[in-house]
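A.B. asks: Shown below is the structure under consideration.
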């Protein structure tokens, strides 16, 4: 996300200590902590970089703490690195939803225990980690093989402290598009050519909803226009310059008209039956991908990998990608090396290689994660990239163009809490029969409670 970080002094409570999380979130962190600990390597190497850790075969095991499907394994990058470095073994441990992964990560950072050799941080959390947990991470700007010029300037800055320490190397960014099912559009009497589809809603999210109303008139039985209320509101908000915080660090989500307008538009679509009553990245939502139950979804590049992983084989080639009503960004992650990791030097060397332009290009070619390294944009793995789900669609140039329209946004320390409150405690309720006004009250009350605790 092309975003401005808030002044770091604004990322703490008035008492100067990190804002505490809700008790239930801490409980979740504690319960997940056991899973993270269980996934840690059992070798006995030290932090100096020794490869003498005992793992049965004399190899050093680098443990990766990730969320979702980041695609490194699926793209064969672990295997490639292990071939280049026979003394290294990569062990991935992933939790599907970031809102489950992140509290556990914060718990382990706070106690400085149970951390893996590499930990991922999602862009919505990077400001908080930079402000409150930077001392727990190695400064990767000094790591061997790391060249700052490989990354977009704003991407590098997102993980950099005011005194110049960089605690995470950028993996991907998430320029927004709309993925749509050509077969469902055709059955509903809508155009299927991506340029014509983009013209349906060019410049206005209200036009997107109007297209949904047209779709509904002839939609195949049991299908919806869009996958979820959370997907819609997130896409709309991602295209706004001002969102949850202003540049001084003040929380403005309740008074920002753009946030309320996004909530109201999503509620309108929910009341009209255009959206599934599903929460993204939950098993029920996964099943609707597999069973072709919706026609569109907000689609950053990495979502193509998710669609591919959850779809049945007969869905191949039935998807396409169109420009969104307005440009936005959804997603983008970082890889950091905790100081308490067992194999700091090996981990630094590995993620320097893993996030280099060549590997970022390979990752996009296989998994759809769009590079944060500009040098990758002209590499054949990007320019010639295809995805099984989208057939011959030139996804590399499409997302490269979409990246140019990403607005500059402030990233606040509690963006994820606010976003989740608006979706999981807000617009989803409208799909279940609650009035938009009552859903807004529930969402804001939940968010404010979480921000205060």
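Every number in this text was worked out from the coordinates using simple rules, so none of it is lab data. Only a predicted model underlies this, so the values are computations on that prediction, with no experimental measurement involved. Virtual Cβ from ideal backbone geometry, glycine too; neighbours counted across all protein chains shown.
A.B. asks: Could you work out how far apart the two model spin labels at residue 318 and residue 452 are, taking each label as a point 7 Å from the Cα in the direction of the beta carbon, and quote it in nm?
C.D. replies: 4.8
A.B. asks: Would you mind ranking 108, 85, 343 by Cβ crowding within 10 Å, fewest neighbours first?
C.D. replies: Lowest to highest Cβ neighbour count: 85, 108, 343.
A.B. asks: Under a plain spin-label model, where a point goes 7 Å from the Cα along Cα-to-Cβ, how far apart in nm are residue 84 and residue 144?
C.D. replies: Going from the residue 84 label point to the residue 144 one covers 1.4 nm.
A.B. asks: Arranged by the count of other C-beta atoms within 10 angstrom, fewest first, what order do 101, 306 take? Walk me through the numbers before you get to the answer.
C.D. replies: Details: 101 26, 306 22.
Taking fewest neighbouring Cβ atoms as first place, the list is 306, 101.
A.B. asks: So how far, in whole Å, is the C-alpha centre of segment 290-329 from the one of segment 232-254?
C.D. replies: A separation of 25 Å, based on Cα centres.
A.B. asks: Suppose only helical runs count, i.e. DSSP H with n ≥ 4. What mean residue ellipticity at 222 nm does that imply for the chain under -39500 (n - 2.57) per run, divided by all residues and rounded to the nearest 500 deg cm²/dmol? Mind showing how you got there, number by number?
C.D. replies: Values: 18 runs with 185 residues, N = 453.
So the helix-based figure for the chain works out to -12000 deg cm²/dmol.
A.B. asks: Hey, how many Å between the Cα centroid of segment 53-111 and the Cα centroid of segment 367-445?
C.D. replies: Between the Cα centre of segment 53-111 and that of segment 367-445, the gap is 24 Å.
A.B. asks: How far is helix 98-111 tilted, in degrees, relative to the longest principal axis of the Cα atoms in the chain, given as a value from 0 to 90 rounded to the nearest 10?
C.D. replies: Value to nearest ten degrees: 30.
A.B. asks: Semi-axes, largest first, in whole Å: what does sqrt of 5 times each Cα gyration tensor eigenvalue give for segment 160-235?
C.D. replies: Details: eigenvalues 252, 34, 30 Å².
Equivalent-ellipsoid dimensions as semi-axes: 36, 13, 12 Å.
A.B. asks: Enter the angle in degrees (range 0 to 90, nearest 10) between the Cα long axis of helix 229-238 and the first principal axis of the Cα atoms of the chain, meaning the one along which they spread out most.
C.D. replies: Taking the Cα atoms of the chain, the angle to 229-238 is about 70 degrees.
A.B. asks: Now a separate question. Taking the Cβ of each residue in 192, 378, 444, 60 as the centre, tally the other Cβ atoms inside 10 Å and list the residues starting with the fewest.
C.D. replies: Fewest-to-most ranking of 192, 378, 444, 60: 378, 192, 444, 60.
A.B. asks: Would you please calculate the Kirkwood hydrodynamic radius of the chain over all C-alpha pairs and express it in Å, rounded to one decimal?
C.D. replies: Roughly 22.4 Å, rounded to one decimal.
A.B. asks: Compute the angle between helix 344-354 and the longest alpha-carbon principal axis of the chain, please, reported from 0 to 90 degrees and rounded to the nearest 10.
C.D. replies: 40
A.B. asks: Run the quick spin-label model on residue 110 and residue 241: label points 7 Å from Cα toward the beta carbon, then report their separation in nm to one decimal.
C.D. replies: 3.7
A.B. asks: Here is a follow-up. With only alpha-carbon pairs counted, each pair once and no self-pairs, how large is the Kirkwood hydrodynamic radius of segment 344-453 in angstroms?
C.D. replies: Taking the inverse mean of 1/r over all distinct Cα pairs, segment 344-453 comes out at 17.3 Å.
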